[in-house]
Amino acid sequence: MSRIGKLPITLPQGVEVLVNQDNLVTVKGPKGTLSSQVDTDITVSVDNGVLTITRPTEQKRHKALHGLYRALINNMVVGVSTGYKVSLELVGVGFKATTQGQNLELALGYSHNIFVALPNEITATAVTEKGKAPVITLEGIDKQLIGQVAAKIRSLRKVEPYKGKGIRFVGEVVRRKAGKTASK
């Protein structure tokens, strides 16, 4: 059996999982509600606060789907109970970030400011401390959506290897290059 797929998911206090006949899994918790369509071959069952996922055969496709749907449902359970948080830092002279509602305004060294419209499911905060790089914090319940928005923001100014300027995740290690050396 799949190592990931066979692990049971214990539901935290206040989290409720509903499974329809169409294999639509809906997870409700204190932070919100998420739902996902599960393949009809995979069986999802809830017993006494423990969610288990089973597959019908040992086919390669079923093995892959077994682990995939277990991970996706676990991400939904964690999201509605505790939520997800991703932090990005802007490293560079004059780099700034401000939030106005669901809009994020970035000054990244271009001739113009960049405006990013955030989805309603995500809340963003921008903090600038004196002597430190500005930090953007994204919070929400959908792990996939937060990762996608963070990757989109990061792609606006990727970290370059010579000076290390750009947008990076907090704690990310950037491999630096030496650059040109003087002749002789």
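If R0 is taken as 45 Å, the Cβ-Cβ distance between LEU24 and THR181 corresponds to a FRET efficiency of 0.15. Distance between the modelled labels on ALA71 and VAL127, one decimal in nanometres: 3.0 nm (7 Å Cα→Cβ projection).
Sorted by average packing, counted as other Cβ atoms within 10 angstrom per residue and highest first, what order do 132-138, 175-181, 67-73, 6-12 take? All intermediate terms of the calculation are to be shown ahead of the outcome.
On the way: 132-138: 17.3, 175-181: 7.9, 67-73: 19.1, 6-12: 15.0.
Put in order of decreasing packing, that is 67-73, 132-138, 6-12, 175-181.
Placing R0 at 35 angstrom, the Cβ-Cβ distance between ASP39 and GLN102 gives a FRET efficiency of 0.55 after rounding to 0.05.
A helix-only calculation puts the chain at -6500 deg cm²/dmol for mean residue ellipticity at 222 nm, using -39500 (n - 2.57) for each DSSP H run of at least four residues, averaged over all residues. Put a dot 7 Å past the Cα of ALA64, heading toward its Cβ, do the same for THR82, and the two dots end up 3.1 nm apart. Spacing of the modelled spin labels on THR137 and THR54, each 7 Å from Cα toward Cβ, amounts to 4.4 nm. Rounded to the nearest 20, the size of the Cβ-charge dipole of the chain about its Cα centre is 1400 debye, with Lys and Arg at +1 and Asp and Glu at -1.
Computed over the Cα atoms, what is the radius of gyration of segment 43-124 divided by 2.2 N^0.38 Å, N being its residue count?
Dividing the Cα radius of gyration by 2.2 N^0.38 Å gives 1.76.
Using a Cα-Cα cut-off of under 17 Å, which aspartates and glutamates could be cross-linked to LYS130, ignoring same-chain neighbours fewer than 8 residues away? Cross-link targets: GLU89.
Taking 8 Å as the Cα distance limit and 6 or more residues as the minimum spacing, I'd like the relative contact order of segment 1-104 as a percentage.
29
Taking the 0 to 90 degree range and rounding to the nearest ten, how far is the long axis of helix 143-155 tilted relative to the main principal axis of the chain, both from C-alpha atoms? Approximately 20 degrees, to the nearest 10.
Pairs to check: LYS96/LYS163; LYS158/LYS180; LYS60/LYS152. Give those whose C-alpha atoms are more than 28 Å from each other in this structure. Write down the numbers at each step before the final one.
Values: LYS96/LYS163 18 Å; LYS158/LYS180 21 Å; LYS60/LYS152 33 Å.
Pairs exceeding the cut-off: LYS60/LYS152.
With respect to the chain, whose longest principal axis is taken over its alpha-carbon atoms, helix 60-81 is tilted by about 70°.
For segment 5-144, a Kirkwood radius taken over Cα pairs fed into Stokes-Einstein (4 °C, viscosity 1.567 mPa s) yields D = 74 µm²/s.
Throughout, read-outs are computed from the coordinates displayed, never taken from laboratory work. All of these numbers come straight from a predicted model, not from anything done at the bench. Counting neighbours? That spans all protein chains shown, and the Cβs are built from the backbone with ideal geometry, glycine included.
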